[in-house]
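A.B. asks: Here it is, the structure, as structure tokens.
Please treat every number below as a calculation from the coordinates, not as lab data. Being a predicted model, the structure only gives us computed values, none of them experimental. Cβ placement follows ideal geometry from the backbone for every residue including glycine, while neighbour counts extend to all protein chains displayed.
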Amino acid sequence: MKLSQRILGIEPSATLAVDAKAKELQSQGKNVISFGTGEPDFVSPPAAFDYARRAMEEGRTHYPPTPGIPALRQEISSYYKRRFDLDVAPEQIVVGCGAKPMIYETLAAIVDAGDEVILLSPTWVSYIEQIRLVDGKVVVVDTEKTNFQPDLSAVEQAITPRTAAILINSPSNPTGVMYDAETLRSLGVLAVKHDLWFIWDEIYEQLVYGENRHWHPLQLMPELAERLVTINGVSKSYAMTGWRIGYALGPKEIMSKINAFQSHLTSGATSVAQWAALGAMRESEADKQKMHEAFQARRTLICGLLAAMPLVSFPEPQGAFYVFVNIKNCIGKSYKGQLLKDDIDFCAVLLEAELVAVVPGSAFLAPGYLRFSYAASEEAIREGMTRLRRFLEQIT
Ligand SMILES: Cc1ncc(COP(=O)(O)O)c(C=O)c1O
């Protein structure tokens, strides 16, 4: 039977594919160390369970209001006040089934067929496919040669009369780098000058390390308010990936359209999961802090071990839980007679030889790199890095 061109053009998520492969090998009894997955390995905070349990007991199992339960929208509004001193009315917030669908719904609200959306590469896999799913055109501005920071003149050159939006993610998946205040302001100036939407995905904003500071663009440029849609959620900061709760916030007009779209798509996010997210956001500051400390320690550990290895280099991650490692010195060489033609080959041979799973940079439009997620225990990081070192030492 015929399938649509739209769906035939879609590539499955490479990060989820690596994870599935690692799990398959694990189920065969193989001792795989996976750096593939982009999810915290912690249990969700107790308050999430408490609120979810109570919601079930109280019978909160019917359709929720499509844009989200009022208490959660109010909590998100309060959070943006506390965190960034921003006034965001609950009517400017739509809660959905994860940040991922909120990005999709936002794109659907902005992009007409053939409209262009600018991404900075390396870029997260799902942006590319989602833009295609709304019949938009992906326009990529590469940041590899500028230390993964955008070259603003290159961004401006990429803007055409068909550009509808620029989609920015900081801290970045996959590089872990962040954009500083100056860079954000300059991107904001471009958005205003060329009348573009500014889609701002800050899903990792609470996972920032050391002296680095995460800015919300509206703190720097309040005049962006009419064109800025923010994406956030509880998946990463609260170890709540499976509950599937994310949200978008922006000007009332677009948010009411996003809500209308959502009303036909999912009828809103799972009621019990919304209560769980509320519990986490209200009452798990200490749990969040503990997870943050663990990530910080893991980051120090993995960066220290990687820095001592031959053939590889990487920018120190400032946020999120990824290290993006340059393996170009290995490409074209061999491991025990097996040619490492590119990063995809490298990952396949590494998995086969040492049972270490990582995601090839090609999945993020950055061939020649590997993304390591350090959302793994310190023990797994040590063992995985021992195996990686052994692998690298045998490349000739
Ligand atoms: C940059 C970025 N945005 C959004 C998401 C999606 O988050 P959620 O699990 O809330 O859908 C991810 C998850 O990997 C991500 O890396």
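A.B. asks: Taking a label point 7 Å from the Cα of residue 316 along the Cα→Cβ vector, which residues of segment 171-210 have an amide N closer than 18 Å to it?
C.D. replies: Of the residues in segment 171-210, 171-172, 175-181, 207-210 have backbone N under 18 Å from the label point off residue 316.
A.B. asks: Okay, moving on. How large is ³J(HN,Hα) for each residue in segment 366-380, as worked out from phi by the Karplus curve 6.51 cos²θ - 1.76 cosθ + 1.60 (θ = phi - 60°), to whole Hz, x for Gly and Pro?
C.D. replies: 9, x, x, 10, 10, 9, 9, 8, 9, 7, 9, 5, 4, 4, 5
A.B. asks: Suppose a student asked you for the relative contact order of the chain, using Cα pairs under 8 Å spaced at least 6 residues apart; what percent would you report?
C.D. replies: Relative contact order, the chain: 24 percent.
A.B. asks: Here is a follow-up. Counting only residues 5 or more places away or on other chains, whose amide H sits under 5 Å from the amide H of residue 322 once H atoms are built in the peptide plane?
C.D. replies: 374
A.B. asks: Hey, another quick one. Residue by residue through segment 249-262, what is 3J(HN,Hα) from phi via Karplus (6.51 cos²θ - 1.76 cosθ + 1.60, θ = phi - 60°)? Round to whole Hz and write x for glycine and proline.
C.D. replies: Karplus values, whole Hz, x for Gly and Pro: 9, x, x, 4, 4, 5, 5, 6, 6, 4, 5, 4, 4, 4.
A.B. asks: Which part of segment 157-184 falls in the paramagnetic zone of residue 149, meaning amide N under 19 Å from the point 7 Å along Cα-to-beta-carbon?
C.D. replies: It comes to 157, 168-184, nothing else.
A.B. asks: Using mean Cβ contacts within 10 Å as the protection proxy, how do 191-203, 236-248 order, highest first?
C.D. replies: So the order, starting with the most tightly packed, is 236-248, 191-203.
A.B. asks: Would any residue of segment 301-321 have its amide N under 19 Å from a label point 7 Å out along Cα→Cβ of residue 393? List them or say none.
C.D. replies: 302-313
A.B. asks: So what's the gap between the Cα centers of segment 63-93 and segment 333-394, to the nearest angstrom?
C.D. replies: 41
A.B. asks: Excluding residue 211 itself, calculate the net charge of residues whose Cβ lies under 13 Å from the Cβ of residue 211, where each Lys or Arg counts +1 and each Asp or Glu counts -1.
C.D. replies: -1
A.B. asks: If Lys and Arg each add +1 and Asp and Glu each add -1, what is the summed charge of the other residues whose beta carbon sits under 11 Å from the beta carbon of residue 301?
C.D. replies: Neighbourhood net charge equals +1.
A.B. asks: Here's a follow-up. Above 11 Å lies some portion of the pair distances; for segment 265-305, what is it as a whole percent of all C-alpha pairs?
C.D. replies: Above the 11 Å cut-off, segment 265-305 has 71 percent of its Cα pairs.
A.B. asks: Additional query: Give the dimensionless ratio obtained when the Cα radius of gyration of segment 304-345 is divided by 2.2 N^0.38 Å.
C.D. replies: 1.34
A.B. asks: Let me check against my output: what whole-number percent is the relative contact order of segment 3-130, with C-alpha pairs under 8 Å and at least 6 apart?
C.D. replies: Values: 55 pairs, mean separation 25.5, N = 128.
Relative contact order for segment 3-130 comes out at 20 percent.
A.B. asks: Here's something else I'd like to know. Each residue of segment 90-106 in turn: what ³J(HN,Hα) in whole Hz from Karplus with 6.51, -1.76, 1.60 and θ = phi - 60°, glycine and Pro shown as x?
C.D. replies: Computed from phi, the couplings for segment 90-106 are x, 5, 8, 10, 10, 9, x, 7, x, 5, 4, x, 5, 5, 4, 5, 5 Hz.
A.B. asks: Radius of gyration and Dmax for segment 289-383's Cα atoms, expressed in Å?
C.D. replies: 13.6, 47
A.B. asks: Still on this model: Please report, largest first and rounded to whole Å, the three semi-axes of the ellipsoid equivalent to the chain, where each semi-axis is the square root of five times an eigenvalue of the C-alpha gyration tensor. Write down the numbers at each step before the final one.
C.D. replies: Numbers: eigenvalues 224, 133, 85 Å².
After scaling each eigenvalue by five and taking roots: 33, 26, 21 Å.
A.B. asks: Given a Förster distance of 35 Å, report the FRET efficiency between residue 307 and residue 193 from their Cβ-Cβ distance, rounded to the nearest 0.05.
C.D. replies: 0.30
A.B. asks: Which whole-angstrom value gives the distance between the alpha carbon centres of segment 251-278 and segment 166-228?
C.D. replies: One Cα centre to the other: 23 Å.
A.B. asks: Let me ask something else about it. Restricting things to alpha carbons, tell me how big segment 23-110 is in terms of Rg and Dmax, in Å.
C.D. replies: Rg and Dmax of segment 23-110, Cα atoms, are 18.1, 52 Å.
A.B. asks: Another question about this same structure. Which value in Å does the Kirkwood hydrodynamic radius of segment 189-346 take, with 1/r averaged over all unlike C-alpha pairs and then inverted? Spell out each step's value before the answer.
C.D. replies: Details: mean 1/r = 0.0521 Å⁻¹.
One over the average 1/r among Cα pairs gives 19.2 Å for segment 189-346.
A.B. asks: Packing-wise, with mean Cβ within 10 Å as the measure, how do 130-136, 387-393, 116-122, 23-29 rank, highest first?
C.D. replies: Descending mean neighbour count gives 116-122, 130-136, 387-393, 23-29.
A.B. asks: May I ask you to order 182-190, 276-284, 333-341 by the average number of other C-beta atoms within 10 Å around their residues, highest value first? Present the calculation step by step, with values, prior to reporting the outcome.
C.D. replies: Details: 182-190: 18.3, 276-284: 24.1, 333-341: 13.7.
Highest-to-lowest ranking by the protection proxy: 276-284, 182-190, 333-341.
A.B. asks: At a Förster radius of 30 Å, what calculated FRET efficiency corresponds to the Cβ-Cβ distance of residue 328 and residue 156, to the nearest 0.05?
C.D. replies: 0.55
A.B. asks: Something else now. Please list the non-local residues whose amide H lies under 5 Å from the amide H of residue 327, H modeled 1.01 Å from N, same-chain partners needing a gap of 5 or more.
C.D. replies: Counting only residues 5 or more places away or on other chains, the set is 369, 370.
A.B. asks: When the scattering of segment 48-283 is computed by the Debye formula from its Cα atoms alone, each counted once and equally, what is log10 I(q)/I(0) at q = 0.07, 0.14 Å⁻¹?
C.D. replies: Treating every Cα as an identical point scatterer, log10 I(q)/I(0) equals -0.21, -0.87.
A.B. asks: Distance cut-off 23 Å, Cα to Cα: go down the list 257/288; 145/328; 100/257; 236/290; 100/328; 137/193 and report the pairs above it.
C.D. replies: 257/288; 100/328
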